[in-house]
Structure formats: C-alpha cells, structure tokens
Amino acid sequence: MAVQIRADAPVNYDQIFDEAIARLHEEGRYRVFIDILRNKGAFPNARCFAGHNGPKPVTVWCSNDYLAMGQHPKVISAMEEALHDVGAGSGGTRNIGGNTHYHVQLEEELADLHGKQGALLFTSGYVSNDATLSTIAKLLPGCVIFSDELNHASMIAGIRNSGCEKRVFRHNDLAHLEELLAAEDEATPKLIAFESVYSMDGDVAPIHEICDLAEKYNALTYIDEVHAVGMYGKRGGGISERDEAAHRIDIIEGTLGKAFGVMGGYVAADRKIIDCIRSYAPGFIFTTSLSPALVAGVLASVRHLKGSSVEREGQQAAAESLKTKMRDAGLPVMPSVTHIVPLMVGDPVRAKKISDILLAEYGVYVQPINFPTVPRGTERLRFTPGPAHTAAMMDELVSALVEIWDRMDLELAEAA
C-alpha cells in the first residue's frame, strides 16, 4: 500500500523507499543475487563467494547460456583477437563512431540465419523488443497491437511505449485472437506480437496458425525467438526455422545472450522495416553500440551453431533426462515440450527457502522465479540443463530436491 503523505508535511523519501523494499520482504519476493564466478572451460562448474571462508564450488542449474557457448574456445578466441586488434569499446553510437566491420558482418549473418534481407543489432534483447515494437507501431497510423498475455515484459514495455491501442489475447488461444482481429476495421493497421518459446512454462506458440490469421486479417507478425535462436532448427534459426515458418513472419527478434552465449539483441526483417527501425528508434539511435569484442564473440558463436548440431542435441537430451528423473521421483515438474524444466512450488517463501538450502547445503545454484515474472501462486524453480550437465549431476540434484521436499513436508507424487 502506498505511503499516505499529508499535504503540509515534508516528503520523507527514506520512508517511501524503506516501505517499498519492506513490501517485497513481506511478500517473500525480495530478490537476492549471489556472488559467483564461472570456471572457464568447466561450465556448469562455478565458485560462489557466500561467506568469509573463500569461494565455494557450486553447480549452475539456471543459466540461460543454454549451450555453454559462452565457454566455447572459438568464441573466447574471437573475442581475444578482436580485443587486441581494435581495443575494448566501440567508440559511441552507430550513427557517430560506433559502427565497425564486426557489426556489419554479424548483421549479415543474422539476416541469413532467418532468411531475411536485413538485421539490426541492439545492446540487449529487452532493448530490441522495446525499441522495435514502439517504433514500428508509431509508424503505422492508428495501429492496433495484438499481444499474447504471456509476452515478456520487454514486449509489454514496447507496446506501452508505442502509445497504440492494444488487445491482449489469451495465451496461445487462436479463437480468442481471431475474435479480436475480426472486431477491428479492415483498414486498421494490425500487428500480432507473440513468442515462440515461453520461457517460464516451456511451451511453444502455434506459429503457422497465427500466420494464417495474420494473412486473413492483413496483420503484420512479430515473433520473439530469444529462448529459441541457436536452440532449434537445422542452423539454429529457432522454432520458426524448425517449423519452416520464418518466411511467413515479418519481424523476427532474438537475443545474443542466451544460446549464443555472449550479449546483445537483434531484429531481422526486410530492408524497408530494418531501415525504418534504424532511422527512427531512439533505443538504437541514442545508445553506445556493442563492444567489437562482444560482437566478434557472437559472430563466432552464430557461425559455429549454423554448422553444428552437437550442442543442441546434447542440450535437448539433458532436458529430457532431467524431466524424466524428476517425474520418476514424484517431483512436481511442469509439462514442457522444450528445453525449459520448471518445477512448481506455488509459494514465494518456500521457493526462496528451497533455493537457499540447495546452495548452502548441496552446492546447487538455481534462482527462485517469483511475481511479476510469473503469476502469484505459480512460483517455481526453473532448471536449464545443458550439454555439460552429467547424469551424475542430475541424480545428485534430484536426490537433494527429494530430501528437501521431505524436510519441508511438501507433497511428492506417486513414482512414475
């Protein structure tokens, strides 16, 4: 509840901030970041600086570096070479002094990855969603945006910042989406925004069916592939490549900080759309561009994953194995058809406590996922096993979880 301030009283800023933080503690969703360093070349092994006795070895189970490409020799070597060749920073915005040959090459590779005419780099996936959605919608007079209810916060921010009318359709509900589309005037510009993989539940959008509706009602399509690029498709182009739907999508957005293992975001589309975003988006125009060393690392990662499926296959096998082990142990693993392995807890305090016990007693690092990332009452632990997580690591994790569930008197299902 907001602090009530009398009109004749001086503003107590400390009290306002103290009460804001106190509310998070009371609700059990105050976030704590652990002090950790990954061990180069040995992921998922890391070391945690949790006390005064020096670093403690831990196993990372919640990284979005899904394929451990942040540790890949090709990526590290490319970054080192670029750092010694051109230095650390980019020198400014792309419009002034921050455009390099590395940026040009990476945009060409990303456009090719998605079968598009062009691509545009941003400093993060959040910025690419916010800047692109807000800019494109503003350029379309009277545009109405149709947004899946589980879209990421960055997409919601972009839609809000566009100032356009929005219609929120129930998650993956094609009938509801069509109902909303049909209610609009035929002459109204329309844009359907959705994700391919929804990262908290691990489910997938019906891309072709959404494209069918877009064509029927003359709407543009915008897909967020951040949890799918590098992970799916023959060359890592995402679910839209796997499902042979990329050519039907007008704008494909992705990240360079998850499966590609480095940092940044991007969009890929036809030249006209890319040129409009490049020319009008404040989030692109007025920010320092990515460091050339980072771009060189991503360039090596994208090129490698275009030709190698070993990492993807290993990751998918690890995810399936962990889901099976959790189900067999009676743990409440949520249904997921992707690499995401969510374990339902349903209470923020318990989720945080389980996370704390895993780290302190078992050397397992997994962060609790609370509101507003997921709805209240659906708090969970989200595991992202990768190709380097071994069967022994999984057995130790499951055994620890079963012990904690028993200790906290949480219910286990009948063994499968």
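The values are calculated or read from the model by the stated rules, or taken from the named source; none is laboratory data. Quick caveat, the model's predicted, so the values are computed rather than measured. We place every Cβ from the backbone using ideal geometry, glycine too, and count neighbours over all the protein chains shown. Surface accessibility is based on the protein's heavy atoms, side chains included, excluding ligands, DNA and RNA. Shrake-Rupley method; radii C 1.70, N 1.55, O 1.52, S 1.80 Å.
Tabulated data
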| item | result |
| --- | --- |
| Magnitude of the charge dipole, the chain, Cβ model with Lys/Arg +1 and Asp/Glu -1, debye to 20 | 900 |
| DSSP bridge orientation in the chain - percent antiparallel, rounded to nearest 5 | 55 |
| Per DSSP, loop GluC sites (Glu not before Pro) in segment 208-280 with at most 14 further Cβ within 10 Å | Glu244 |
| Overall form of segment 147-189 per C-alpha gyration tensor (a/c, 1.5; a/b vs b/c) | oblate |
| Helical contribution to [θ] at 222 nm, DSSP H n ≥ 4, -39,500 (n - 2.57), averaged over the chain, rounded to 500 | -13000 deg cm²/dmol |
| Cα gyration tensor shape for segment 1-114, rounded if a/c is under 1.5, else prolate or oblate | oblate |
| Three-way shape call for segment 52-152 based on the alpha-carbon gyration tensor, with the a/c threshold at 1.5 | oblate |
| Trypsin sites (Lys or Arg not before Pro) within segment 86-188: DSSP coil, no more than 16 neighbouring Cβ in 10 Å | Arg170 |
| Distance-filtered residues of segment 66-98 - backbone nitrogen under 18 Å, label point 7 angstrom along Asp275 Cα→Cβ | 95 |
| Percent of Cα pairs exceeding the 19 Å cut-off, where the set is segment 121-236 | 43 |
| Ratio Rg/Rh, restricted to the chain and using Cα atoms, in which Rh is the Kirkwood radius | 0.98 |
| Along each principal axis, Cα extent of segment 317-416, largest first, Å | 31, 27, 27 |
| Mean-position separation - Cα centroids, segment 234-303 and segment 165-194, in angstrom | 25 |
| GluC sites (Glu not before Pro) restricted to DSSP loop in segment 92-166 with at most 16 other C-beta within 10 Å | Glu149 |
| Distance violations [Cα-Cα > 20 Å] among Lys40/Lys352; Lys138/Lys216; Lys190/Lys272 | Lys40/Lys352; Lys138/Lys216 |
| Geometric extent, Cα atoms of segment 191-272 - Rg, Dmax (angstrom) | 12.2, 39 |
| Pairwise centroid distance, computed over Cα atoms, of segment 136-153 with segment 6-62, Å | 33 |
| Long-range HN-HN contacts of Thr221 with modeled amide H, under 5 Å | Ile192, Asp250, Ile251 |
| Amide H contacts of Val58 (H built 1.01 Å from N, under 5 Å, at least 5 apart or other chain) | Ala46, Arg47, Cys48 |
| Antiparallel DSSP beta bridges within segment 147-290, percent to nearest 5 | 35 |
| Accessible heavy-atom area order of Asp224, Asp130, highest first, probe of 1.4 Å | Asp130, Asp224 |
| Full-extension gain in nm, Leu174 to Ala360, via 0.36 nm per residue minus C-alpha separation | 62.5 nm |
